[in-house]
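Undergrad: Just passing along the structure, written as structure tokens.
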Amino acid sequence: MSRLATGRTRVKICGLTREEDVDAAVAAGADALGFVLWPGSKRAIDVERLAQLATRVPAFVTRVGLFVDQPLDFIGRCEPYLDLVQYHGEELPALCSQTRRPWIKALRMREGLDIEAAAQAFDEARGLLLDAYQPGVPGGTGSTFDWSRIPASLAKPVILAGGLTATNVGEAIRAVRPFAVDVSGGVERSPGIKDLARIHAFFDQVSLAQQP
């Protein structure tokens, strides 16, 4: 699938930690909700908390678990509460393919990264999440990257991440035409605490960007 043949741009809200934020994201129209299971994040939750939050998510909204170079047995403990696994570290394709759930691979846009070669290497991924690169930080940098580096003919659906807010998401959608956009800090008051007004402003700008 080319990233140009995407139709409506989907929205994933990541870094959810509270019931009220799960409910707000669903009510706003989120297609996917992200839960961070990597303990190094300020937005991290554990398996027990994941189970509590996952039960609030209705049908047809995808529950995504974010992992960073973590053991497969831990990911397996989380999988019953997830619909999709997001690998956000340096995982190799052979490891990613061992999970029971479908998965996507995050690529940090470091200098010299061959995105098309990565798409071929991670050929079983359901999509590639492209995020800003900052040394030693797996994600959540709050920074954007040069969107023009994304090949127009990339053979995997693109989930665009990295520093997106209501201020720039419209520009990002018009420039990249991604399959989906991923936001976390851009709709927060503080790490893991979402802001209802910012969520709605973000969705408003996504909708505006797709109007003829």
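The values are calculated or read from the model by the stated rules, or taken from the named source; none is laboratory data. Quick caveat: nothing in here was measured; it's all calculated off a predicted structure. With ideal geometry, Cβ positions are generated from the backbone for all residues, glycine too; neighbour counts draw on all protein chains shown. Side chains are part of the model used for accessible areas, which takes the heavy atoms of the whole protein and leaves out ligands, DNA and RNA. Shrake-Rupley method; radii C 1.70, N 1.55, O 1.52, S 1.80 Å.
Undergrad: All but one of (1) under 20 Å from GLY7 (Cα atoms); (2) open to solvent by less than 40 Å² (accessible area, probe 1.4 Å); (3) in contact (Cβ under 8 Å) with a residue 60 or more places away in the chain hold for ALA155; which doesn't?
TA: (2)
Undergrad: Of the conditions (1) open to solvent by less than 30 Å² (accessible area, probe 1.4 Å); (2) at pLDDT below 95, GLU111 fails just one. Which one is it?
TA: It is condition (1) that GLU111 fails.
Undergrad: Looking only at region 24-46, how many residues end up being in a helix (DSSP H, G or I) and loosely packed, with under 14 Cβ neighbours inside 10 Å?
TA: Step one: of region 24-46, the residues in a helix (DSSP H, G or I) are 24-28.
Narrowing further to those that are loosely packed, with under 14 Cβ neighbours inside 10 Å: 27.
The number of residues fulfilling the criteria is 1.
Undergrad: Anything in region 47-71 that is farther than 20 Å from GLU188 by Cβ, open to solvent by 20 Å² or more (accessible area, probe 1.4 Å) and touching a Phe, Trp or Tyr at 6+ places or on another chain (Cβ under 7 Å)? List them, or say none.
TA: Correct list: ALA51, GLN70.
Listed here are the residues, each with its yes/no results for (1) among the hydrophobic types (A, V, I, L, M, F, W, C); (2) touching a helix residue (DSSP H, G or I) at 6+ places or on another chain (Cβ under 7 Å); (3) in contact (Cβ under 8 Å) with a residue 40 or more places away in the chain.
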position: GLY89; (1), (2), (3): no, no, yes
position: ARG100; (1), (2), (3): no, yes, no
position: ARG110; (1), (2), (3): no, no, no
position: GLN120; (1), (2), (3): no, no, no
position: LEU129; (1), (2), (3): yes, no, yes
position: GLN134; (1), (2), (3): no, no, no
position: TRP147; (1), (2), (3): yes, yes, no
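Undergrad: Would it be correct to say that LEU50 is touching a Lys or Arg at 6+ places or on another chain (Cβ under 9 Å) and closer than 17 Å to LEU128 by Cβ?
TA: Values: touching a Lys or Arg at 6+ places or on another chain (Cβ under 9 Å): yes; closer than 17 Å to LEU128 by Cβ: no.
No, not satisfied.
Undergrad: Can you tell me which residues in region 175-205 are β-branched (Val, Ile, Thr), open to solvent by less than 10 Å² (accessible area, probe 1.4 Å) and under 18 Å from ASP21 (Cβ atoms)?
TA: VAL181, VAL183, VAL187, ILE199
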